[in-house]
1. If I ask for residues that are touching a residue at least 60 places away in the same chain (Cβ under 8 Å) and hydrophobic (A, V, I, L, M, F, W, C), which ones from the stretch A:382-400 would you list?
2. Whether any residue in the stretch B:19-41 is modelled with pLDDT of 95 or more, part of a strand (DSSP E or B), at negative phi and of a type in the set (D, E, K, R) is what I want to check.
3. For the condition open to solvent by 30 Å² or more (accessible area, probe 1.4 Å) and either farther than 23 Å from A:ASP129 by Cα or not in a loop (DSSP other than H, G, I, E, B) (or both), what is the one hit in A:ARG53, A:ARG14?
4. Filtering the stretch A:19-50 down to residues that are among the small types (Gly, Ala, Ser) and farther than 30 Å from A:ARG275 by Cα, which residue is farthest from the chain's Cα centre (by Cα)?
5. Exactly one of (1) open to solvent by 20 Å² or more (accessible area, probe 1.4 Å); (2) among the β-branched types (Val, Ile, Thr); (3) within 16 Å of ligand 1 (Cβ to nearest atom) is unmet by B:ILE217. Its number?
6. Scan the strands (runs of 3 or more DSSP E) fully inside the stretch A:371-459 and keep the ones with 3 or more residues being surrounded by fewer than 21 Cβ atoms within 10 Å (Cβ to Cβ).
7. Can you tell me which of A:GLY201, A:GLY155 is more than 14 Å from chain B (Cβ to nearest Cβ), under 26 Å from B:GLU40 (Cβ atoms) and touching a Leu at 6+ places or on another chain (Cβ under 8 Å)?
8. In the list A:LEU230, A:LEU238, A:LEU248, A:LEU265, which residue meets the criterion of being over 21 Å from B:GLY90 (Cβ atoms) and in contact with a Cys (Cβ under 8 Å, 6 or more places away or on another chain)?
Amino acid sequence: MSDLTQRERMQIPRQEMPAQDPGIRRGNFDEVALGFTEALARREAERCLQCARPECVEGCPVEVLIPQFIRALRDGDMIEAVRVMKVKNGLPAICGRVCPQEVQCEIKCVLAKKGEPVAIGRLERFVGDYELARRTCPLDCCEPSGKKVAIVGSGPAGLTCAVDLGREGHGVTIFESLHAPGGVLTYGIPEFRLPKSVVHGEIDYAVECLGIEIRTDHVIGRTLTLNELLEKFDAVFLGTGAGLPSFLRIPGINYNGVMSANEFLTRVNLMKGYRFPEYDTPVKVGKRVAVVGAGNVAMDAARCSLRLQTLRAQGTGENPGEVHIVYRRSRAEVPARAEEVHHAEEEGVIFDFLTNPVEIFGDEHGNVCGMRCIRMQLGEPDGSGRRRPIPIEGSEFDIEVDTVIFALGTSPNPLVFVDAEGLERTKWGTVVTDQETGRTTKPRVWAGGDVVTGAATVVSAMGAGKRAAADIHRFLMGEASW
Amino acid sequence: MYPILEKQVLSDVTKLIVVKAPQVARKAKAGQFVIVRIDEYGERIPLTVADYDREAGTITLIFQEVGKSTMHLGTLEAGDELATFVGPLGHATEIENYGTVVCVGGGVGIAPIFPIARALKEAGNYVISIIGARNKDLLFWEDRMRAVSDELIVCTDDGSHGRKALVTEPLKELLEERPGEIARVWAIGPGIMMKFVSLTTQPYKVPTIVSLNTIMIDGTGMCGGCRVLLEEGARFVCVDGPEFDAHKVDWDNLLARQQFYREEERLAVERWEHECRLEGVLREGGA
Ligand SMILES: Cc1cc2nc3c(=O)[nH]c(=O)nc-3n(C[C@H](O)[C@H](O)[C@H](O)COP(=O)(O)OP(=O)(O)OC[C@H]3O[C@@H](n4cnc5c(N)ncnc54)[C@H](O)[C@@H]3O)c2cc1C
Ligand SMILES: Cc1cc2nc3c(=O)[nH]c(=O)nc-3n(C[C@H](O)[C@H](O)[C@H](O)COP(=O)(O)OP(=O)(O)OC[C@H]3O[C@@H](n4cnc5c(N)ncnc54)[C@H](O)[C@@H]3O)c2cc1C
Ligand code: SF4
Ligand code: SF4
Ligand code: FES
């Protein structure tokens, strides 16, 4: 089929990825999107026009060699497809699943202008999954350089930085405060969207190939400090993310049943609370859940809530309950990935737009029982370019809720900055760095990912990890001074 | 993995373990805590550093069996290993020479009050300690507490040992009998005890420090599950505490929040006891 004309290619419709039926999947934590079959992947790959100046690549923060990997895939040369992918992206099975492709690589694809872009993310996932199952292309590393680098945080930024430095032959040790590596990929994003076997498969593979050491249970700022790391390592990279939750400053946030999405998702994902009591950590949602916010975090919290409700009701004949997303702007401003919003709606999550909580009520036992909200309207665009929500005076109304989950913005956890004088931060608590190199204001310390940008995306954190790794390598080899 | 080197049974439900964790022992100070997870299935539970030995690289923990995780922990023996051991977390106690201080330890709270009393004594304070428990069997470390205190008052709820009183009674007498003399009070124990210690000292305006035991997960400020309401707003116990000014704490909110998972905790204990019985039957059957 490889000798199709451009016109013929453009007539192939974008291939849909098989998914679990919404009615069934809301009762389990298994993966929703099932992935392309080989036939579907090959057919989708035929759609790519192999542009000479591929704009799709410009949209990708790590510049995956998109037409090249798609071409190899189309030609049935999977080993080559994997090799090409790994030149730029060490975690394709992850990115293929969670990248907001519609605003990154796919939005730039020439086909997007005329109709539907090539499903780059789905193809990437196909290649990633193929490799995880077969391990055809182990990452190889150079001769040991004798240099030692400490990476703080094992999320996508830290992992990518570690992999790139490991490939150059540097001795890499990752310090992670939790008991499992992966950052948000492990504690935040749920199993049904990103199976933990995929996350740990990707991490184990890279770590084994490159001899990277991961020390879990190490809180930098407590167990060891940044200054202590600098005594033992030639360079330090901070990829500690933006893990600090925020709560609205409204009355009633400390009633039982009010929690941060971080707490809720950590119970569900990291601690496997959805399998309580097989796993010891409990997690509970009521019958009327309100999730405040509409980013990826909110969608994940809402969809986990829905599943917990459905599992609880199974076999009892009871109504499982309702899950609402409460968002102060309108549908057009929703920041979550399009696919997640679509999946959430299919599963039955109810969206209350232009609505903002102003107070939470509790009963005599201290449990949340209601929430007062106010209607909003959109005003002039604000600094972020989105239209600013303004409360409509006198429009307050009360809703009945027994669980409130705050999925608002997060900020960097300041623990790592203990004993780290000279490391400059912005008023939002993010680390000040040089854009190109990731250098901080403290010698021999680099930073990247959410700790620099605030909550962003997996692949942008990876891009930052890569840029920092390149600069750290130059520094260690004496090609660049501090 | 973090091996348990030693285990002591202090009472039916109170156990002591010494765990090898050099990276924690190197830094630990009085007032700090660690997060422990027994195995792959375990939850992360906070336990106070009761003692440490920097040279041996060990941390001593004392815990009371109140639910599934602590009961399970209580079945482990020297030679067993823990999956997770993170720390030291939270702020250390602020030790200075305040003059005359009172250290109140209730139940398992005697363990965490011990290193604080010791440090206060070493800093030159005149230390009066009050320790109490429901009954004689639950009391431990009387000798150790005596060794670091200038005066020691022991009480039990049922009078089976020492004075028959709640810890707040001798505390109130001290405040009455030595007006203006007591510079500071520390209290560690069940939430309800700390609440009443706080109410006891409040009229006398004696600064009172409590170590709060909220439910936690990460212990690093990431989940917000441990938040407590103070006069000035919500704070995270794991990073802003665990010690706080008792007079500013919203105690009823704290006590209510500790109850949130009561039904699940009950289920977990039932399941655990069932499993233990099964195992016992199997073992006997096999023998
Ligand atoms: C629920 C949720 C869903 C998301 N969904 C998507 C999505 O679909 N697509 C997408 O692109 N992005 C998504 N994101 C955003 C994305 O996950 C983050 O932007 C990305 O993970 C940031 O990577 P990072 O490496 O900078 O930090 P993180 O992934 O946050 O990792 C930081 C790591 O550092 C550790 N750490 C922190 N402090 C210390 C310390 N003092 N010492 C040692 N270790 C420390 C943390 O425990 C953590 O493991 C989502 C985020 C959340 C929370
Ligand atoms: C900073 C800190 C230090 C602590 N130090 C010690 C210590 O040195 N020794 C010790 O025995 N305990 C200590 N605790 C309490 C200990 O963490 C809990 O007893 C333990 O988590 C209970 O787990 P479980 O599964 O056995 O019981 P669960 O089944 O979880 O709970 C059983 C009962 O205990 C109550 N409970 C649950 N969690 C807590 C909690 N965090 N604090 C108080 N009550 C709780 C529940 O309301 C319930 O009534 C500390 C807590 C904190 C926050
Ligand atoms: S890494 Fe993400 S943005 Fe880049 S090509 Fe892959 S899916 Fe697109
Ligand atoms: S822009 Fe689209 S069609 Fe062109 S190379 Fe990239 S994916 Fe293929
Ligand atoms: S235990 Fe999670 S923030 Fe304190």
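1. Residue satisfying the conditions is A:ILE399 alone.
2. The answer is yes, given that some residue of the stretch B:19-41 is modelled with pLDDT of 95 or more, part of a strand (DSSP E or B), at negative phi and of a type in the set (D, E, K, R).
3. On the way: A:ARG14 fails: either farther than 23 Å from A:ASP129 by Cα or not in a loop (DSSP other than H, G, I, E, B) (or both).
Criteria check complete, one pass: A:ARG53.
4. Among those that are among the small types (Gly, Ala, Ser) and farther than 30 Å from A:ARG275 by Cα, it is A:ALA39.
5. (1)
6. Numbers: elements: A:387-391, A:397-400, A:403-406, A:445-447.
Ranges flagged: A:387-391, A:397-400.
7. Values: A:GLY155 fails: more than 14 Å from chain B (Cβ to nearest Cβ).
Just one listed residue meets the conditions, A:GLY201.
8. Going through A:LEU230, A:LEU238, A:LEU248, A:LEU265 in turn, the sole match is A:LEU265.
The values are calculated or read from the model by the stated rules, or taken from the named source; none is laboratory data. Note that the structure is a prediction, hence the values are computed from the model and not measured. Counting neighbours? That spans all protein chains shown, and the Cβs are built from the backbone with ideal geometry, glycine included. Note: areas computed on protein heavy atoms with side chains; ligands, DNA, RNA excluded. Shrake-Rupley method; radii C 1.70, N 1.55, O 1.52, S 1.80 Å.
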